[in-house]
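The values are calculated or read from the model by the stated rules, or taken from the named source; none is laboratory data. What you see is a predicted model; the values in this text were computed from it and never measured. Cβ coordinates were reconstructed from backbone atoms using ideal geometry, including for glycine residues, and neighbour counts include every protein chain displayed.
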Amino acid sequence: MNSLNPEEKELLESVEKEEWESVENVSQEIKRYQTYSSHRINQQKIDKDIAEEQDIIQSFEEGEWISQGTPERLKQLQLYAKNTEEQQITLNIATQDLKSLESQAKEKGISCEKLVSIILHEYVVGQLIQKS
């Protein structure tokens, strides 16, 4: 028999002392812990992203960043910001059309309201035209 390393010996002793017990629904328990592990890993990624964002904000607030934009570009951006203010409207729409919009929005990972806004914007700027 092969000799055991210290970890293996410790595990064997633990089993022999009956410090372990069987788990019912092993597959279900494995899946539960896999889900827990996956959520924990995702949370760690989010925490890392937040820390990086906070570092960038702190760096900006400490004056470590300078604008490379020209006064003309600043005016363009200000005009864009001014023109992109949103206003709320109330809209009556056929139930079937709404269901279709909601379905398409879900596929795109955006809200139905955002999809309607995009469609209207594309129509207004001439990017969405009626088929002949």
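Filtering the stretch 62-117 down to residues that are of a type in the set (Asp, Glu) and closer than 23 Å to LEU128 by Cα, which residue is nearest to the chain's Cα centre (by Cα)? The extreme case among them is GLU107.
Taking the criterion of being modelled with pLDDT of 90 or more, hydrophobic (A, V, I, L, M, F, W, C) and out of contact with any Leu (no Cβ under 7 Å at 6 or more places or on another chain), would at least one residue in the stretch 117-131 satisfy it?
Within the stretch 117-131, not a single residue is modelled with pLDDT of 90 or more, hydrophobic (A, V, I, L, M, F, W, C) and out of contact with any Leu (no Cβ under 7 Å at 6 or more places or on another chain).
Consider ILE89 carefully, then state whether it is among the aliphatic types (A, V, I, L, M), assigned to a loop (DSSP other than H, G, I, E, B) and out of contact with any Gly (no Cβ under 6 Å at 6 or more places or on another chain). So that I can check it myself, show each step before the final result.
On the way: among the aliphatic types (A, V, I, L, M): yes; assigned to a loop (DSSP other than H, G, I, E, B): yes; out of contact with any Gly (no Cβ under 6 Å at 6 or more places or on another chain): yes.
So ILE89 passes the test.
Close contacts from the stretch 117-132, counting a first residue that is closer than 16 Å to GLN104 by Cβ and a second that is aliphatic (A, V, I, L, M) and part of a helix (DSSP H, G or I), with Cβ to Cβ under 9 Å and a gap of 6+ residues or different chains, come to ILE119/LEU101; LEU128/ILE119; LEU128/LEU120.
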